[in-house]
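In what follows, a single structure is set out as structure tokens and then discussed.
The values are calculated or read from the model by the stated rules, or taken from the named source; none is laboratory data. Quick caveat: nothing in here was measured; it's all calculated off a predicted structure. Positions of Cβ are backbone-derived with ideal geometry, glycine not excepted, and every protein chain shown enters the neighbour counts. With ligands, DNA and RNA removed, areas are computed over all heavy atoms of the protein, side chains included. Shrake-Rupley method; radii C 1.70, N 1.55, O 1.52, S 1.80 Å.
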Amino acid sequence: MGHQVIIFDFSLIRGLWETRVKKNKERQRKEKERLEKSSLEKIKQEWNFILECRKKGIPQSKYLKNGFVDADEKILNDYGKTPQLQKKRALPDEANKEKNKFIFHLSGEQWTEFPDSLKEQIYLKEWHVCNTLIQTIPAYVALFQDLRVLELSKNQINHLPVEIGCLKNLRVLNVSFNNLKSVPPELGDCENLEKLDLSGNMEITELPFELSNLKQVTIVDISANKFHSIPVCVLRMSNLQWLDISSNNLKDLPEDIDRLDQLQTLLLQKNKLTYLPRALVNMPKLSLLVVSGDDLVEIPTAVCESTTGLKFISLKDSPVETIVCEDTEEIVESEREREQFEKEFMKAYIEDLKERDSAPSYTTKVLFSLQL
């Protein structure tokens with residue numbers, strides 16, 4: 001039995017948000033002015049000064065005169081120059097330097113390949129590489145046995161090496177918005193992986209069954225690709241809590257989708273779904289379901305009226321204006337930019353729902369519109 005959908009234009013919602021933000025900023029400005037003129041602000045400043053003095057070990061006799069606070073910055077500066085306090089202050093800086101020794105950062109279009117010196121730093125725990133023209137990950141990545149985070153978003157990477165399966169301690173793999181067309185089966189050997197992000201590659205159609213071994217994964221983002229169905233390996237990730245498979249070519253959902261009994265968030269917008277299976281009601285922890293409503297002809301009433309606290313949102317897809325361009329790469333790049341913008345917006349929208357915790361219990365239909 002279908003369920004009637006309530007329709008809202010997203011531009012109205014956005015306008016309300018913008019108005020609310022302006023009013024809130026104006027309210028904060030007036031409140032700040034009022035506090036600055038009140039005695040409360042002076043008390044607050046004195047209290048913060050006392051706290052700072054206590055942190056630095058300054059005796060009360062130095063900043064209290066006949067019961068009144070002497071908020072003289074010179075007191076803080078004088079005590080800050082003592083060798084002992086200088087040593088304490090230097091400790092956090094030294095700790096940060098020590099931590100940064102284990103993190104590798106690289107960005108900028110001047111980079112077309114990894115620096116040769118990288119292969120000597122096998123003790124690294126994190127790689128953060130973005131916005132470069134690098135196309136390949138070197139095979140010597142297998143030497144980095146302590147690697148925990150591999151963030152390689154927004155590059156030109158066209159394949160993952162089989163050696164990536166040697167990273168047994170890897171927790172996070174992000175190769176979003178690259179040029180991947182497939183994923184090696186060896187990735188299934190990264191048994192401690194917790195987050196997998198393959199979004200925005202535009203060409204991935206399937207994931208190898210070997211990824212079923214990733215039992216620790218809680219977040220999978222394979223949005224903005226060309227999946228025709230939810231990969232079987234994903235359905236076997238028993239700890240999965242967040243699945244984003246939006247902006248693909250899904251026509252239906254598997255009837256056994258309820259085997260993902262730990263799933264909390266399911267993002268399905270911008271697909272070609274015509275109906276939703278009743279099995280969604282059998283997912284006890286599912287709290288947020290987002291779909292595109294234009295092609296849906298049947299929505300189980302039980303999904304909309306779920307008593308499990310499910311927030312069900314149906315987004316109306318806005319037709320994208322065709323861009324006449326001879327260069328195919330430019331078209332693909334504009335699609336990537338659009339997808340990236342919408343992903344960032346959806347993330348902000350979901351965070352706002354969580355903060356307000358007042359999402360509609362029935363379907364809300366929203367219009368996405370973006371022109372580049």
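Does residue 238 satisfy the condition of being of a type in the set (Ser, Thr, Tyr), out of contact with any Ser or Thr (no Cβ under 7 Å at 6 or more places or on another chain) and either in a strand (DSSP E or B) or in the same structural domain as residue 298 (by the TED database) (or both)? Here the answer is yes, as residue 238 does meet what is asked.
Only one residue in 170, 214 is in the same structural domain as residue 100 (by the TED database) and either under 27 Å from residue 117 (Cα atoms) or in contact (Cβ under 8 Å) with a residue 60 or more places away in the chain (or both). Which one? Answer to the selection: 170.
Here residue 87 meets each of (1) at pLDDT below 90; (2) open to solvent by less than 70 Å² (accessible area, probe 1.4 Å); (3) charged (D, E, K, R) with one exception, condition (2).
Counting just the residues of segment 190-206 that are in a loop (DSSP other than H, G, I, E, B) and of a type in the set (A, V, I, L, M), which one comes out most open to solvent (accessible area, probe 1.4 Å)? For segment 190-206, the residue satisfying everything is 202.
Looking across 187, 196, one residue alone is closer than 29 Å to residue 295 by Cβ and not charged (D, E, K, R). It is 196. The residue that is nearest to residue 217 (Cα to Cα), among those in segment 257-278 that are in contact with a helix residue (DSSP H, G or I) (Cβ under 7 Å, 6 or more places away or on another chain) and open to solvent by 10 Å² or more (accessible area, probe 1.4 Å), is 259.
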